[in-house]
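For reference, the structure is listed below as structure tokens.
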Amino acid sequence: MQKNLLGRIRKGESFTFGELLLLTWQLSVPAIMAKITTVMMQYIDASMVGMIGSNAAAAIGLVNSTTWLIGGICFAMSMGYTIQLAHAIGAGEDVKARSLVRHGLVAVLVFSLVMGVGSALGSRPLTVFLGGAAEIAEDAAVYLAIYALGLPLLAVNFAAGSMLQASGNMKVPSLLSVLMCVLDVLFNALLIFPCRTVEVWNMALWLPGADLGVAGVALGSVLAEACCMAAMLYVLLKKSRQLHYRQENLFPWRKELREAVRLGIPMMLEQFVMGSAYVAFTRIVSPLGTVALAANSFAITAESLCYMPGIGVSTAAQTLVGQSVGAGRSKLAQRFGYVSAGLGITVMLLMGIVMYICAPLMMGLLSADAAVIEAGTEILRIEAWAEPLFAAGIIVTSIFRGAGETRMPTVLNLVAMWGIRIPLAVYLASDYGLAGVWSAMCVELCARGLLSLAVLIYRGEGLYHRKNVNL
């Protein structure tokens with residue numbers, strides 16, 4: 001059913017509103033499950049780190065924003081190829097699509113390797129810049145260095161999964177995300193803790209352990225990503241009927257690279273804007289103390305479970321809008337955009353209600369420290385009010401990307417993050433502490449969502465014309 005509906009985009013057939021909603025939902029569900037599984041891996045990491053102590057949690061929280069920054073810049077490179085891929089598939093240019101896959105994977109690997117090595121070399125000075133206390137700085141630097149050296153594996157895995165999703169295959173990335181979560185648990189259990197004996201059903205079971213602590217968390221995640229990457233590449237290059245490797249004449253790689261750079265540079269700037277703002281946000285929270293830093297880190301992990309459905313819908317939106325634009329169907333692309341935005345806002349409204357009610361439980365799963373749970377519960381309930389408009393910002397960004405317009409999201413995020421969130425957080429932090437900082441985040445997310453919806457409506461059908469891309 002899903003393949004039949006996707007095929008109708010290329011064939012120029014019409015869609016009813018029910019079919020638009022059904023196809024968007026069909027593509028969203030596997031993407032949502034994949035994103036939720038990824039967050040569950042973060043939950044597992046966080047809960048295992050919580051067993052080590054609050055200093056370990058604070059160490060990871062100190063550099064989390066930095067890992068998002070360097071990861072986001074690498075992922076932007078892959079999106080430059082993924083957007084072209086969706087357009088090529090929509091236009092029925094399968095040979096070009098396969099060319100984009102092969103050249104894109106190589107470009108992402110080289111770029112992420114350079115970025116990863118550079119970040120690893122700068123890991124220690126960065127923890128000092130972020131204001132990490134002496135008791136957490138060493139662990140934070142080690143965690144960041146391991147993540148950075150594993151960045152090529154993470155980036156290629158992301159690129160391969162995004163390419164499958166651009167072709168409409170959401171199920172394989174979702175299933176492999178589940179596998180990655182299971183492997184992460186296994187690797188963490190072996191790498192974080194020392195050798196130990198645990199009791200299972202009244203039986204003493206000896207478990208080996210490397211006793212690496214925070215370093216084991218990073219290494220476990222990288223190893224899980226590596227296994228998932230190998231499987232993702234196998235499906236993409238071997239099993240995909242549309243994109244698998246074939247001996248054929250490829251399109252000129254320089255032209256594809258130029259287009260990827262044209263599309264990717266605004267997204268890299270966007271990631272830099274967002275990532276640097278997250279680093280500044282962490283810098284604002286750091287002086288508030290170890291409890292605040294740990295609560296901030298755990299709350300970000302807890303909240304991410306609630307906005308993953310919005311990101312799942314945005315993944316579907318980018319695929320559907322991208323293929324519609326490639327097929328030259330601007331009106332259909334616009335309808336997919338509006339349906340996706342409405343669906344995402346509705347889902348995230350429900351998730352915001354769940355987050356408000358379940359905030360104490362969510363924090364309790366991540367930490368046993370009563371002060372951290374109390375602080376985290378308070379800020380999660382503040383953030384819950386922003387979830388519907390947060391969804392609007394996320395999904396509209398993906399709609400623009402699917403249409404080949406990558407500059408506008410950068411402008412919107414720059415205005416929101418550096419014009420609203422950071423100045424307001426600095427102002428509120430001194431009087432209201434962590435709650436004030438998260439109140440600033442709530443205000444910014446609502447403003448960003450409203451601005452994004454206004455621009456989407458203003459641009460209208462003209463956003464989706466093929467003049468926006470070089471096909």
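Scanning region 144-173 for residues that are in a loop (DSSP other than H, G, I, E, B) and open to solvent by 10 Å² or more (accessible area, probe 1.4 Å) yields S167, N169. Of all residues in region 177-188, those satisfying the criterion of being open to solvent by less than 50 Å² (accessible area, probe 1.4 Å) and free of Cβ contacts under 8 Å to residues at least 60 places away in the same chain are L183, F187.
Give the residue that is nearest to F281 (Cα to Cα), with candidates limited to residues of region 384-438 that are acidic (D, E) and either at pLDDT 90 or above or not in a helix (DSSP H, G or I) (or both). If you could, list the steps in order and put the result at the bottom.
Looking only at region 384-438, we keep the residues that are acidic (D, E), and these are 387, 405, 431.
With either at pLDDT 90 or above or not in a helix (DSSP H, G or I) (or both) added as a condition, the list becomes 387, 405.
Values: E387: 19, E405: 28 Å.
Taking the candidates together, the pick is E387.
Summed over region 425-465, the residues that are open to solvent by less than 70 Å² (accessible area, probe 1.4 Å) and of a type in the set (S, T, Y) give a count of 3. Within the set V325, V339, the sole residue that is among the β-branched types (V, I, T) and within 22 Å of the chain's Cα centre (by Cα) turns out to be V339.
Could you please give the count of residues in region 90-106 that are crowded, with 24+ Cβ neighbours inside 10 Å and touching a Lys or Arg at 6+ places or on another chain (Cβ under 8 Å)? Residues meeting the conditions: 1. Of all positions in region 310-319, at least one carries a residue that is closer than 30 Å to G436 by Cβ and open to solvent by less than 10 Å² (accessible area, probe 1.4 Å). Scanning for something open to solvent by 20 Å² or more (accessible area, probe 1.4 Å), among the hydrophobic types (A, V, I, L, M, F, W, C) and either part of a loop (DSSP other than H, G, I, E, B) or under 30 Å from H465 (Cα atoms) (or both), does region 322-332 turn up at least one residue? Yes, region 322-332 has at least one match. A search for C-beta distances below 6 Å between a residue of region 112-126 that is within 10 Å of C74 (Cα to Cα) and any residue that is assigned to a helix (DSSP H, G or I) and not aliphatic (A, V, I, L, M), counting only pairs 6+ apart in sequence or on different chains, returns S112/C74; S112/P152; L113/P152; M115/C74; G116/P152.
Going by what's in this entry, would A391 be described as closer than 27 Å to A294 by Cα and surrounded by fewer than 24 Cβ atoms within 10 Å (Cβ to Cβ)? Quick ask: steps written out before the conclusion?
Details: closer than 27 Å to A294 by Cα: yes; surrounded by fewer than 24 Cβ atoms within 10 Å (Cβ to Cβ): no.
No; evaluated as a whole, the condition is false for this residue.
Filtering I379, I373 for residues that are part of a helix (DSSP H, G or I) and open to solvent by less than 10 Å² (accessible area, probe 1.4 Å) leaves a single hit, I379.
Take the conditions in contact (Cβ under 8 Å) with a residue 60 or more places away in the chain and more than 19 Å from the chain's Cα centre (by Cα) and apply them to L428. Does it pass? Spell out how you get there, then give the answer.
Values: in contact (Cβ under 8 Å) with a residue 60 or more places away in the chain: no; more than 19 Å from the chain's Cα centre (by Cα): yes.
Taking the combined requirement at face value, the residue does not satisfy it.
Of a type in the set (S, T, Y), open to solvent by 20 Å² or more (accessible area, probe 1.4 Å) and at pLDDT below 75: which single residue out of S14, S54, S65 fits that description?
Details: S14 fails: at pLDDT below 75; S65 fails: open to solvent by 20 Å² or more (accessible area, probe 1.4 Å).
Selected residue: S54, the only one of S14, S54, S65 that is of a type in the set (S, T, Y), open to solvent by 20 Å² or more (accessible area, probe 1.4 Å) and at pLDDT below 75.
Which ones in region 271-325 are within 17 Å of S398 (Cα to Cα) and of a type in the set (S, T, Y)? Passing the criteria: Y307, S314, T315, T319, S324.
Assess whether G80 counts as being in contact with a Gly (Cβ under 8 Å, 6 or more places away or on another chain), free of Cβ contacts under 8 Å to residues at least 60 places away in the same chain and in a helix (DSSP H, G or I). So G80 fails the test. Is it the case that region 269-291 has a residue that's assigned to a helix (DSSP H, G or I), at pLDDT 85 or above and of a type outside the set (A, V, I, L, M, F, W, C)? For region 269-291, residues assigned to a helix (DSSP H, G or I), at pLDDT 85 or above and of a type outside the set (A, V, I, L, M, F, W, C): absent.
The values are calculated or read from the model by the stated rules, or taken from the named source; none is laboratory data. Keep in mind the model is a prediction, meaning the values are calculated, not measured. Because the Cβ atoms are built from the backbone with ideal geometry, glycine has one as well, and the counts that use them run over all protein chains shown. When the accessible area is computed, the model is the full protein with side chains, heavy atoms only, and any ligands, DNA or RNA have been set aside. Shrake-Rupley method; radii C 1.70, N 1.55, O 1.52, S 1.80 Å.
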